[in-house]
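See below for the structure under consideration.
A short reminder: the numbers here are calculations on the coordinates, not readings from a lab. Remember, predicted model here, so these are calculated numbers, not experimental data.
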């Protein structure tokens, strides 16, 4: 009987002793793993947009063409090149450019520009030359409530 009580008492003390190490351990590790706030901003800016150096060359393709943006219902669906569509990326749909071609679109009203990558085919409406993601559209559009803008398309070489 005395051996059982001693065994149970020692096992309870061992559990309490070992649990004291596990309570403080993960919290300290989480605080050390958190990166500095500036690092997060830099990484987010590099991952979100298509980074391009200033010295790129652009070959003019068309001026004064109508560009519209994708509807939200296409999020998660497959594009013509097989990748999943995401309205928060910088991609576009064009009828003729090969997949992977990078295009610079410049809004003719305000001069803002964005670089997108062709990942899909379309648009299939008459009068439209290119479809771009909502994120790219909002970045260059002056009037965010409009559904289309006139842009100049240049091929990034």
Ratio to report: Rg/Rh of region 58-156, with Cα atoms as the point set and Rh obtained by the Kirkwood method; give two decimals.
0.92
Let me check against my output: what whole-number percent is the relative contact order of region 58-156, with C-alpha pairs under 8 Å and at least 6 apart?
44
